[in-house]
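What follows is one structure encoded as structure tokens, with my remarks underneath.
The values are calculated or read from the model by the stated rules, or taken from the named source; none is laboratory data. Treat the numbers as computed from the prediction; the structure is a model and nothing was measured. With ideal geometry, Cβ positions are generated from the backbone for all residues, glycine too; neighbour counts draw on all protein chains shown.
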Amino acid sequence: MSGIGKGFPGVQALDGVDFEVMPGEVHALLGENGAGKSTLLKVLSGAQQPDRGTISIDGKTVTLNTPLEAQRCGVVTIYQEFTLAPNLTIAENVFIGREPGNGIFVNWRQMREETRAITRRLGLELRPTAVVRDLNVAEQQMVEIARALSMKSRLIVMDEPTSALSSAEVEKLFRIVRDLKAQGISIIFVTHRIEEVMELCDRYTVLRDGRRVAAGKIAETSVDQIIRAMVGRQVNALFAQRESSTPGEVALEVEGLTRRGNAQDQNATVLSNVSFAVRRGEILGIAGLVGAGRTEAARAIFGADPFDSGRILVAGQKVDIRSPRSAIRHGIGLVPEDRKRQALFLALAVQTNLSMAAQGRITRWGIFMDEAAERSMVEEYRKALNIRMSGPEQLIANLSGGNQQKVVLARWLALRPKVLIVDEPTRGIDVGAKVEVHNLLFEMARSGIAVIAISSELPEILAISDRIVTMREGRVTGSIDRDEANGERLMAMMTLDVKAA
Amino acid sequence: MSEATPAQTTGSGRSDLIGIFARFAPLIFLLVLMAAFAFVEPRFLTPLNLFNVLRQVSIYGLLAIGMTFVILTAGIDLSIGSLVAFCGLVAAAVSKGGLANRFSVGAAQDAASYGWYLAAIAAIAVGIAGGFLQGFSITRLKVPPFVVTLGGMSAFRGAALLFAAGGPISGFEPSFIWWGQGKIGPVPVPVIVFIAFAIVAHLALRYTRYGRQIYAVGGNPEAARLSGLNVRAVTTSVYVIMGFFAGLGSFVLAARLNAAEAVAGTGYELTVIASVVIGGTSLFGGSGTIFGTVIGTILIGVLLNGLVLLDVSAYIQQIIIGIIIVLAVAFDTFAKSRRR
């Protein structure tokens, strides 16, 4: 790709970007959110057309007007949100739209066998007739990769493939990526996790503000250099470390929280005897692999999901929480893990989004919205949280992920909660915004809020927590002070059921 | 609610124009249509005819206001035609002095009849009760709105037929009839009722906390719940509001026709849903305005009136309305995809 330019109303998303991928290499595409990565991927996958510039494959200039044309040229993109049909089987998903057969009847046996051949090539033990709905996220991703392989693709683009995976699953994905590379397939790897880039990739390209600002061999660079290129300023460590603090009295206590049965399985253990406490001014990290029950515990405390037994105490008093409304009344807030689906009202303005939970505080006679008070509320948090927006009436859909997350945090701060649970507070936001969100969490703790932080990124948990509780398969497996914690120890507690000393 | 209108605040040139056009498309279409009819048929633009059009649409308009609330939460109410018939019969019976006297005339009627306000209150109370029953079924029994109100469509019609016991109830006292046939100055009373409630509904959606919550619940029910909103109460309430307008609309309709019958309101749900959708309210919830609904309602009225003046057959009118509904949604979808 050379000299790619693409403009949107109000922004120049790509400004003459050059980008090239060699056969059989793993190429990291890096950049903060809004740097132009997604646009570049969309251009490459045929979902959008560039205003300027050319794309060549094997030296031949091509025009990719639709995703289908891109696939024919051997370019397949695996997006963060999978595009699988959950009610169909693995084989049906792999060959969707290209079912083998005579044009009327599908040759099911051929379809199953080809699927099995591909999954074997990936080193997977999956039945081709298993229904995708029953697979976990990592397995679903493998199905996406299998589909890409079945299309005989030569370039697979993976957009944030590791964001929803546990560490063990990430290792497995890396092994598969290396296998693909050995087979001569090129991979474009988009991620926010720079450690992964260092471990896996051969070369890298860094975008900033729609321009290529750095590119080269991974072997000839360092984490610091890449981060500097991404943010355009010096960042000493990956994350700022939390300074030590002296927490106050217990703000929230959970005793023996238990829940059985989920959508798939009536008898599944979702939560089993989960107990922990968090103090005022403390940041309690909850670490665990995906599926460990961290989110489920948070949702149970917040009243978003029911639980079978156990007690929740706020400031020493047992409370009866049956809905998010009652949790909020007891001073508990939750920033959910999936911003778009669970927190944002994309069709509404920044201002409406921000005041959503605290509407009751800015009404006249409890009925009419006091829009002047609302605007000053927005202005207060815009300043305090450094939210970058064109105005309170701007649609929240047009903010970057980091600024959207700050609006969601402001929504809860406006309620002045006693306890704030943040689930994956920095998922899908860029490095600069991550640091800002961390500082906000520190600020909240300093103001006396008890913060519970859930994160799948160990460096993040280690950086922001005063104390860390680990979970596995719905149980609490340990608790450890920040000073004694390190990555290896946490990983052991998360995977091996060892009690912390 | 300005923040709910889909037009972008930032943008340049072409997409900005499309955004503005999409926002005012119903109004522009209405003006073009009126100009065209005025050109072909001079009688169209006379004040008499225009007030006539408005009077004709005002009952649809009242129902469309309620339907806007429902559709904003991504719901639908197919039962309103039947509910209008049932509520209208209740109003008529009360006006005539109760179920036993409902077919009486002359002196016997004068002796037994109750005031128009009791008739109106009874119709609205029945409408609200019907709406609440449906809202409750949707939120508590977790049956989709389409199914609940399809059931309501059948059940309320049955109730109306049972209640009417065969014949229409007609011949009301003058103060009742005034609400449908009277005028204040040159303006028909139903038009005033329609515009007054449209203003109230607009203020409620645009300026109150409740209005905010309707857009929030329609836009993202899960996020609304996790923000502490009472999603069930809000969802139930829009069907109650719809019921209120069904009751009010039935009262004005009975007054206008000086009669109520069990087959009244047949097919109203389609015209009303069409008005709301043509006015730009998204069937997926979360965006739309009362202003749009008012324009959409008038647009359908003008179209029908103009076609009548041009001697187009009633059957062809139905075909045209059907095509316009599909085109309106297609345009909305197209405009949205261009703005992404």
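So the values come out like this:
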{"read-out": "B:T236 being closer than 15 Å to B:G131 by Cβ, more than 14 Å from every other protein chain (Cβ to nearest Cβ) and surrounded by fewer than 23 Cβ atoms within 10 Å (Cβ to Cβ)", "value": "yes"}
{"read-out": "Qualifying helices (runs of 4 or more DSSP H) (wholly inside the stretch A:293-382; at least 3 residues being over 18 Å from A:L257 (Cα atoms))", "value": "A:324-329, A:350-354"}
{"read-out": "Any hit, the stretch B:286-305, residues being of a type in the set (A, V, I, L, M) and more than 19 Å from B:S58 (Cβ to Cβ)", "value": "no"}
{"read-out": "The stretch B:192-229, subset away from chain A (no Cβ under 14 Å) and surrounded by fewer than 20 Cβ atoms within 10 Å (Cβ to Cβ), residue farthest from B:L72 (Cα to Cα)", "value": "B:I192"}
{"read-out": "Failed item in (1) at pLDDT below 95; (2) in a helix (DSSP H, G or I), with B:V70 passing the rest", "value": "(1)"}
{"read-out": "Residue that is at positive phi and away from every other protein chain (no Cβ under 12 Å), where the choices are B:G247, B:G265", "value": "B:G265"}
{"read-out": "Extreme residue, farthest from the chain's Cα centre (by Cα), among residues of the stretch B:106-124 that are among the aliphatic types (A, V, I, L, M) and modelled with pLDDT of 60 or more", "value": "B:L118"}
{"read-out": "Identity of the residue in the stretch A:279-319, surrounded by 22 or more Cβ atoms within 10 Å (Cβ to Cβ) and free of Cβ contacts under 8 Å to residues at least 40 places away in the same chain, that ends up nearest to A:G331 (Cα to Cα)", "value": "A:G303"}
{"read-out": "In the stretch A:362-408, the residues that are touching a strand residue (DSSP E or B) at 6+ places or on another chain (Cβ under 7 Å) and of a type in the set (S, T, N, Q)", "value": "A:T363, A:Q394"}
{"read-out": "Qualifying position, being within 7 Å of another protein chain (Cβ to nearest Cβ) and among the hydrophobic types (A, V, I, L, M, F, W, C), among A:A327, A:A357, A:A300, A:A315", "value": "A:A357"}
{"read-out": "Residue within the stretch A:161-169 that is more than 27 Å from A:L490 (Cβ to Cβ), touching a Phe, Trp or Tyr at 6+ places or on another chain (Cβ under 8 Å) and of a type outside the set (A, V, I, L, M) present", "value": "no"}
{"read-out": "For A:I118: the one exception among (1) in contact with a Phe, Trp or Tyr (Cβ under 8 Å, 6 or more places away or on another chain); (2) in a helix (DSSP H, G or I); (3) under 14 Å from A:V76 (Cβ atoms)", "value": "(1)"}
{"read-out": "Any hit, the stretch A:224-244, residues being at pLDDT 85 or above and not in a helix (DSSP H, G or I)", "value": "no"}
{"read-out": "Residue count, the stretch A:375-418 (criterion: more than 25 Å from the chain's Cα centre (by Cα) and within 18 Å of A:L346 (Cα to Cα))", "value": "5"}
{"read-out": "Conditions (1) part of a helix (DSSP H, G or I); (2) loosely packed, with under 13 Cβ neighbours inside 10 Å: number failed by B:F291", "value": "(2)"}
{"read-out": "Only listed residue being within 23 Å of A:A347 (Cβ to Cβ) and either over 11 Å from the mean Cα position of the chain (by Cα) or of a type in the set (A, V, I, L, M, F, W, C) (or both), chosen from B:G306, B:G296, B:G279", "value": "B:G279"}
{"read-out": "Any hit, the stretch A:125-137, residues being in the same structural domain as A:E69 (by TED's automatic domain parsing) and closer than 13 Å to A:I78 by Cβ", "value": "yes"}
